[in-house]
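Here's the structure, in structure tokens; my notes come after.
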Amino acid sequence: MTIRIYNTLTRKLEEFKPLTAGKMGFYTCGPTVYWNAHIGNMRTFVNSDIIRRVFTENGYDVTHVMNFTDVGHLTSDADDGDDKMEKGAARENLSVWDVAQKYINEFIADADLLNIIRPTHTPRATNYIKEQIELVQKLEELGYTYEIPGDGIYYDVSKFANYGVLGGQSLSEKRGGIRIDDSGKRNSADFAVWKFSPTDVKRQMEWNSPWGVGFPGWHIECSAMSMNLLGEHFDLHVGGQEHAKVHHSNEIAQAEPLVGAPWVSYWMHFEWLMLKDGKMSKSVGTAYTVRDLVERGYDPMAYRYLLLQSHYRQPLEFSFESLDASATGYKNIVRKIADLMNSDDMGELDSGMYNIWHDKLLAPASDNMKTAETLVVVQELLKDSTVNPATKLALFEFIDRLLGLQFMDRAQKLVELEKESAPADIVAMAQQRAEAKTNKDWATADALRAQIDAAGWTVLDSKDGYKIIKKS
Ligand code: AMP
Ligand code: ZN
């Protein structure tokens, strides 16, 4: 099926055309591992997981790269302020390396809870220092860089005619402010590709380079890792919406002089999860993590379900009321699937019907990831009495692959829970009924069934015996 995506580069909805037939390579700008990722950050990574799933279900062989930024991300995107990693280390009284490992592990745990498929490659910036230095050297040879003594090697954006196209900056925005400060930058949008270590404090992460001891700029990291793992040109690059203007514009400026334009065919940017009164903030305690939600008794899938009911190009306002509503909606679907699993009239898989609904479900998701519309089709499927349980359940296997909502898993667990929780006297009566049936003593079997029914339980006969379920 045709996949359409909104390309930030052209500001148009475009039909996706791969660089290599049948393959799709994409890069997600990953987390800076200096602290916990909050549920807002995780919205971005659920979105990129959906992209992977939609392409996979459309038959593409997908290579997904997501980095861990473990060096070089300063508190200001304008290349000043403290290094986020060094700050994290001071806060926790750990080495920078230990902080990075700790939050990589925690990120993976949270991503697993949200059923995000692990990317094909998850490179760490500190493992690609040599590649980053090589890129800076090439840019230097081509005359794109200059040195600010005592500070670092900077990229001169005025040398790159197309600078800022992705972020839609005006010429004055990108060039403006020349020498408005004493930073030594030639243009306000110039950015560091290599920073020198300070002379007064010893950094924990630093490397030798042709320009002296220091560390890479944040933007050069992603360019080095993406090209190394996906090739010089690749299909798609994604990240949070704030990256279009600075981080990704800088990445294009670094890569295109070296490999030609367009470096990457498509760019997608995800809007943020917000709170009523603004951004999630760690300092005021509103930067909830997935584990916080679990501690409050929520299934992480209720949060994922909440996310997928919105579109990635729209900001989403988070509240516990909306999460409660989403949890109820999610459980309702799980209940209905459990009922299907308990059905004593499964029917056979109807492949004609399966194909029709498969395409109906896949079409909205393939149209710029409209997962909310796919979820509307899910409700229609549940309501359609002309589709038998066997076919519906097979379609839910597909829905789970496409949306990662683990419906089948939760429904299976519900069925098991209800089976297990039948009290001993009901289990005994069900057993006696089964024996009566074996003895063709229909009257006793019927009487026992009625007794079980009156107690609020139902016995369902199935090919491999019977099931006892609580009446809902
Ligand atoms: P960071 O770890 O700060 O580099 O952020 C990791 C990713 O999370 C980036 O791609 C950001 O764009 C994204 N992000 C940050 N805050 C939010 C938010 N509130 N909602 C959605 N994505 C966010
Ligand atoms: Zn990046």
Sorted by chain and then number, the residues having a modelled amide H within less than 5 Å of the amide H of residue 194, at least 5 places away or on another chain, are 153, 217
Segment 424-470: equivalent-ellipsoid semi-axes (sqrt of 5 x gyration tensor eigenvalues, Cα, Å): 15, 13, 9
For segment 366-373, 3J(HN,Hα) per residue [Karplus equation, 6.51 cos²θ - 1.76 cosθ + 1.60, θ = phi - 60°, Hz, x = Gly/Pro]: 7, 9, 6, 6, 7, 5, 4, 6
Tabulate in residue order the Karplus-calculated ³J(HN,Hα) for segment 337-348, using 6.51 cos²θ - 1.76 cosθ + 1.60 with θ = phi - 60°, rounded to whole Hz; enter x for Gly and Pro. 5, 4, 4, 5, 5, 8, 4, 8, 9, 4, x, 9
For segment 204-323, one quarter of the surface area of the C-alpha convex hull, expressed in nm², comes to 10.9
As a test of the formula, what do you get for the chain when each DSSP H run with n ≥ 4 contributes -39,500 (n - 2.57) and the sum is divided by the residue count, at 222 nm and rounded to the nearest 500 deg cm²/dmol? -14500 deg cm²/dmol
Please list, ordered by chain and number, the residues whose modelled amide H lies under 5 Å from the amide H of residue 273; skip anything fewer than 5 residues away on the same chain. 316
Hey, got the Cα dimensions of the chain along the principal axes, in Å, largest first? 96, 49, 38
Give me the accessible area of residue 118, 1.4 Å probe, in Å² rounded to the nearest 10. 140
How high is the relative contact order of segment 4-274? Use alpha-carbon pairs under 8 Å, at least six apart in sequence, and give a whole percent. 25
State log₁₀ I(q)/I(0) for segment 268-346 at q = 0.13, 0.17 Å⁻¹ as given by the Debye formula over alpha-carbon point scatterers of equal weight, solvent excluded. -0.50, -0.75
Relative contact order as a percentage, segment 424-470, C-alpha pairs under 8 Å and 6+ apart, gives 29
Sort 263-269, 142-148 by the packing proxy (mean of other Cβ within 10 Å over each peptide's residues), most packed first. 263-269, 142-148
Please list, ordered by chain and number, the residues whose modelled amide H lies under 5 Å from the amide H of residue 23; skip anything fewer than 5 residues away on the same chain. 61
Tally Lys/Arg at +1 and Asp/Glu at -1 over every other residue whose Cβ is under 14 Å from the Cβ of residue 286; what's the total? +1
For segment 392-399, 3J(HN,Hα) per residue [Karplus equation, 6.51 cos²θ - 1.76 cosθ + 1.60, θ = phi - 60°, Hz, x = Gly/Pro]: 4, 5, 5, 5, 5, 4, 5, 4
Contact order relative to length for the chain, counting C-alpha pairs under 8 Å separated by 6 or more residues, stands in percent at 16
Using the C-alpha atoms of segment 4-274, what convex hull volume per residue, in cubic angstrom, is computed? 128
Under the Debye formula (equal points on every Cα, no solvent term), log10 I(q)/I(0) of segment 383-472 at q = 0.15, 0.18, 0.24, 0.25 Å⁻¹: -0.70, -0.88, -1.14, -1.19
Given 214-223, 149-158, the highest-first ranking by average Cβ count within 10 Å works out to 214-223, 149-158
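Let's test the formula: R0 of 35 Å, r as the Cβ-Cβ distance of residue 434 and residue 379. What FRET efficiency results, to the nearest 0.05? If you can, show how the numbers build up before the last one.
Details: r = 37 Å, r/R0 = 1.05.
For R0 = 35 Å, the calculated efficiency reads 0.45.
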What order do you get for 92-99, 419-426, 366-373, 60-67 when each peptide is scored by the mean count of other beta carbon atoms within 10 Å, highest first? 60-67, 366-373, 92-99, 419-426
Along Cα→Cβ, 7 Å out, is where each label goes; now give me the distance between the ones at residue 419 and residue 442 in nm to one decimal. 2.8
Given that compact globular proteins tend to follow 2.2 N^0.38 Å, what is the ratio of the alpha-carbon Rg of segment 298-418 to that value? 1.06
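The values are calculated or read from the model by the stated rules, or taken from the named source; none is laboratory data. It should be emphasised that the depicted structure is a prediction, and the values quoted were computed from it without experimental measurement. A quick note on method: Cβ atoms are made from the backbone with ideal geometry, for glycine too, and the neighbour counts reach across all protein chains shown. Calculation scope for accessible area: heavy atoms of the full protein, side chains included, ligands and nucleic acids excluded. Shrake-Rupley method; radii C 1.70, N 1.55, O 1.52, S 1.80 Å.
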